[in-house]
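Asker: Sharing a structure here in structure tokens format.
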Amino acid sequence: MKVKEHTGFINKYRYSISILKKVGQLREGPVIMVLVGLIVVSSLISPHFFSKVNIRNILTQVAIIAILAEGEAYVILTGGIDLSPGSVLSLVGVLTAGVMKWTNLPVCIAILLGLAVGTLCGLTNGLMVTKVKIPSFIATLAMMAAAHGLALIFAKGVPISTFPPSFRIIARYVGPISVLTIIMIAMLIIGQLILSFTRTGQYIHATGGNEEATRYLGVNVDKVKLFAFSFAGFCAAVGGIMMNARLDSAYPNVGQGYELDAIGSAVLGGVSFTGGIGSVGGAFMGALVITTLGNLLNLLRVSAFYQYVVKGIILAVAALSLSRGVKYAK
Amino acid sequence: MEDIPLVEMRKISKSFGMVKALQAVDLKLYHNEVLGLVGDNAAGKSTLVKILSGVYAPDEGEIFIEGKKVNFTSPADSRKLGIEMIYQDLALVPNLSIAGNIFLGREPVKNLLGMRILDKKRMFEESREIITKLGIDVESTKIKSENLSGGQRQTVAVGRAVFFKPRVVIMDEPTAALSVKGIKRVLELIKELRERGISIIFISHRLPNIFAVADRIVILRAGRRVGDRITRDTAPEEIIELMVGISQDNES
């Protein structure tokens, strides 16, 4: 009788079990489960969690981290690492702010200039890695220091505030969601489409999987890496401009620590440090976990100091669960 | 006409730092020929064929394809001229699918609103055709190559080399890691490729395998070419002597 009951149970839930199994097999499986768990716990703990305003806030707060994580995912997929997105974000922020405040150039020129400078920072990272053959950890560490320094020099160490109204459109809302969220969605979709459906995307995966073989088959691996680093620089620049809009100020220190959120989101989202495995979608969900967790801890009135510790623990646990599937570590 | 070699490498030299890997090596490969390339470890076999496949640029020397001088700056250049190489470690990308590996560097694309996107359907179908023809049966060509057995991986590497109708296929130690049965299959494949008009450079340290299929044997020793023999006019003993450098007048 008991056995029969048991199979009855399985039959009843077979469909949901098979979905669960499929999710479990995905590279993004762990992050999906963590995210669902976090949302359930949050909504149980705080009645405000599912309120329209709170959801809107989370989706706005996640936007910048998600875009930085997307750029980070590109670089990690090729087998590298980028420590500079936070500093590049700061630099682009004060640059565009300065151009808007101190010159008569139109806002769109300031934005384009910022995007160009960010991309150039990324390209410089790429050139250091491919041409000068500096390991990406060191090359981007140098960029992290230099870009932060340039941001401080340019802003003379102080914030640049209050921007023209045409710029502040970026901080507005369209119906229930913010423009920042819309920019994020567009960036994520483009990033994932490039990875999944273009030759460049295929080569990014191949370079991270087996760089030598990819080179042997006639793929210009250096070009692939230059693209990935430049794209990451572009993402950091987009983040810098969004940060300006959100704060209506540009602080030369604003990006500090963001590289950790970017790397953390990507790794949480299943992007493998050995390269070649992972997705922009996963990095986005990783960013969402970090943001939602911060939101929950805020709702619980946990001090920001403890939040860092909690983030660290979550990241370590995530890395542990993900590394079980890896056959070898580089 | 037939006198013009398909591939001619003239006076190829290559050094890595202080190590002279190749010194003025000549190599000719004729149409419809299986050339065995033998030599002891570090004799320069792999370096020589990697120069032909465009991985390394030679320090000195010239390469001619059907009498025309060529200059390879990347493996893409040599592949364009129909030279394919099956690498010793197979050069597969573990996280790419079978199809992704077979088409790596030459993915078919289709036009979608002015953007060039991968023609995945064609990749999956055509790669399936080629590996089925080569005699392995997998559920799907979407399977990642890291999940394949050794024999299946080799078939994917072979499939990649023959798919684009090459004129020359270079095989670097294709039998090194294989069972007796696997070796037999590779040797049959070599004969089959020659019947289809493809010339082959076959590197192996197993002389019986070389003697089973090669028309001609070139012997390298310490970066120099020390012999060029028609297979039916020589014997394994002579080849070994040339490989290790024991000549008749060498005593004690």
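The values are calculated or read from the model by the stated rules, or taken from the named source; none is laboratory data. Being a predicted model, the structure only gives us computed values, none of them experimental. Note: ideal-geometry Cβ built from the backbone for every residue, glycine included; neighbour counts use all protein chains shown. Areas reflect the complete protein model, heavy atoms only, side chains present, ligands, DNA and RNA absent. Shrake-Rupley method; radii C 1.70, N 1.55, O 1.52, S 1.80 Å.
Asker: Pull up the cross-link candidates among the lysines for residue B:121, meaning alpha carbon to alpha carbon under 22 Å and not fewer than 8 places away within one chain.
Answerer: Residue B:121 reaches B:110, B:133, B:142, B:144, B:165.
Asker: Tell me, what is the FRET efficiency for residue B:246 and residue A:256 to the nearest 0.05, using R0 = 56 angstrom and their Cβ-Cβ distance as r?
Answerer: 0.20
Asker: Taking the 0 to 90 degree range and rounding to the nearest ten, how far is the long axis of helix A:52-77 tilted relative to the main principal axis of chain A, both from C-alpha atoms?
Answerer: So the helix axis and the longest Cα principal axis differ by about 80 degrees.
Asker: Tell me which lysines have Cα within less than 25 Å of residue B:11's Cα, excluding those fewer than 8 residues away on the same chain?
Answerer: Within the straight-line limit of under 25 Å, residue B:11 reaches these lysines: B:20, B:28, B:45, B:50, B:68, B:69, B:80.
Asker: Something else now. For residue A:60, what is the net charge nearby, where nearby means another residue's Cβ is under 12 Å from its Cβ and Lys, Arg count +1, Asp, Glu -1?
Answerer: Computed value for this residue: +3.
Asker: On to the next question. Return the whole-Å distance between the Cα centroid of region A:26-64 and the Cα centroid of region A:183-236.
Answerer: The distance from the Cα centre of region A:26-64 to that of region A:183-236 comes to 29 Å.
Asker: Length gain on complete extension for the stretch residue A:46 to residue A:173, per 0.36 nm per residue less the alpha carbon to alpha carbon distance?
Answerer: 43.2 nm
Asker: How big is the dipole moment of region A:28-325 about its Cα centre under a simple scheme where the beta carbon of each Lys and Arg is +1, that of each Asp and Glu is -1, and everything else is neutral? Debye, nearest 20, please.
Answerer: With Lys and Arg at +1 and Asp and Glu at -1, about 420 debye.
Asker: Counting only heavy atoms of protein chains, what accessible area per residue, in Å², does the protein assembly as shown have with a probe of 1.4 Å?
Answerer: Here the residues of the protein assembly as shown average 48 Å² of exposed surface.
Asker: Shifting gears a bit: What is the diffusion coefficient of chain B in µm²/s, taking the Kirkwood radius over Cα pairs and the Stokes-Einstein relation at 20 °C with a viscosity of 1.002 mPa s?
Answerer: D = 112 µm²/s.
Asker: Can you classify region A:135-200 as rounded, prolate or oblate using the Cα gyration tensor, where a ≥ b ≥ c are the square roots of its eigenvalues, rounded means a/c under 1.5, and otherwise it's prolate if a/b beats b/c and oblate if not?
Answerer: Verdict is oblate for region A:135-200.
Asker: Here is a further query. Let me check I've understood the local charge: for residue A:97, count other residues with C-beta under 14 angstrom from its C-beta, Lys and Arg +1, Asp and Glu -1. What total comes out?
Answerer: +3
Asker: Taking every Cα atom in region A:54-146, find the radius of gyration and the maximum pairwise distance Dmax, and write them in Å.
Answerer: 15.1, 47
Asker: While we're looking at this one, here's another question. State, to one decimal in nm, how far the label point of residue A:112 lies from the label point of residue A:304, with both points 7 Å from Cα in the Cβ direction.
Answerer: Placing both labels 7 Å along Cα→Cβ, they lie 3.7 nm apart.
Asker: Considering only DSSP beta bridges where both residues belong to the protein assembly as shown, give the percentage that are antiparallel (nearest 5).
Answerer: 60
Asker: How big is the dipole moment of the protein assembly as shown about its Cα centre under a simple scheme where the beta carbon of each Lys and Arg is +1, that of each Asp and Glu is -1, and everything else is neutral? Debye, nearest 20, please.
Answerer: Its charge dipole is roughly 1940 debye.
Asker: Roughly how much accessible area, to the nearest 100 Å², goes out of reach of solvent when B and A pair up, both sides summed, probe 1.4 Å?
Answerer: Counting protein atoms only, the buried area is about 2000 Å².
Asker: Here is a follow-up. Helix-only estimate, please: 222 nm mean residue ellipticity of the protein assembly as shown, summing -39500 (n - 2.57) across DSSP H runs of length 4 or more and dividing by its residues, to the nearest 500.
Answerer: The helix contribution divided over the protein assembly as shown gives -18000 deg cm²/dmol.
Asker: Quick one: which residues, 5+ away or cross-chain, put their amide H under 5 Å from the amide H of residue A:82? H built at 1.01 Å from N.
Answerer: Those qualifying (amide H under 5 Å, at least 5 residues apart or on another chain) number zero.
Asker: Same structure again: Please report, in whole Å³, the volume per residue of the convex hull around the C-alpha atoms of region A:92-236.
Answerer: Each residue corresponds to 136 Å³ of Cα convex hull volume.
Asker: Roughly what would the spin-label model give for residue B:73 and residue A:166, points 7 Å off Cα along C-beta, in nm?
Answerer: It is 4.3 nm.
Asker: Starting from the 7 Å offset along Cα-to-Cβ, what nm value, one decimal, do you get for the label separation of residue B:146 and residue A:190?
Answerer: If labels sit at residue B:146 and residue A:190, their model points lie 3.1 nm apart.
Asker: Still on this structure, I have one more. Using a Gaussian network for chain A with springs between C-alpha atoms less than 10 Å apart, which of these wobbles most: A:130, A:292, A:78?
Answerer: Maximum fluctuation in the GNM of chain A, among the listed residues, is at A:130.
Asker: If you build the Cα gyration tensor of chain A and take the root of 5 times each eigenvalue, what three semi-axes come out, in whole angstrom, biggest first?
Answerer: Ellipsoid semi-axes (Å, largest first): 35, 27, 17.
Asker: Turning to a different aspect of this structure: Specify which residue in the list A:284, A:15, A:120 is farthest towards the positive end of the charge dipole of the protein assembly as shown, using unit charges on the beta carbon of Lys, Arg (+1) and Asp, Glu (-1), about the Cα centre.
Answerer: A:15
Asker: Quick one: check the C-alpha center-to-center distance for region B:86-117 versus region A:240-283, whole angstrom.
Answerer: A separation of 29 Å, based on Cα centres.
Asker: On C-alpha positions alone, give me the angle between the axis of helix A:136-155 and the longest principal axis of chain A, in degrees, nearest 10.
Answerer: 50
Asker: Could you tell me which of A:97, A:35, A:192 has its Cα farthest along the dipole of region A:28-325 towards the positive end, charges placed at Cβ (Lys, Arg +1; Asp, Glu -1), taken about the Cα centre?
Answerer: Of the options given, the answer is A:97.
Asker: Indicate the gyration tensor shape class of region B:62-123 (rounded, prolate or oblate), computed on the Cα atoms with a ≥ b ≥ c the square roots of the eigenvalues: a/c under 1.5 is rounded; otherwise a/b larger than b/c is prolate and the rest oblate.
Answerer: oblate
Asker: Rounded to a whole number, what % of the accessible area of region A:116-269 do carbon and sulfur atoms account for, probe 1.4 Å?
Answerer: Its accessible area is 71 percent carbon and sulfur atoms.
Asker: Cα-based count: Lys pairs in region A:28-325 below 16 Å, eight or more positions apart or different chains?
Answerer: Counting lysine pairs in region A:28-325 gives 5.
Asker: Report the Stokes-Einstein translational diffusion coefficient (µm² s⁻¹, integer) for region B:114-252, Rh taken as the Kirkwood radius over Cα pairs, at 20 °C with viscosity 1.002 mPa s.
Answerer: The diffusion coefficient I find is 122 µm²/s.
Asker: Kindly work out what percent of the DSSP beta bridges joining two residues of chain B are antiparallel, to the nearest 5.
Answerer: Percent antiparallel among DSSP bridges in chain B is about 60.
Asker: Give me the angle, in degrees from 0 to 90, between the Cα long axis of helix A:304-323 and the longest principal axis of the Cα atoms of chain A, rounded to the nearest 10.
Answerer: That helix lies at roughly 60 degrees to the long axis.
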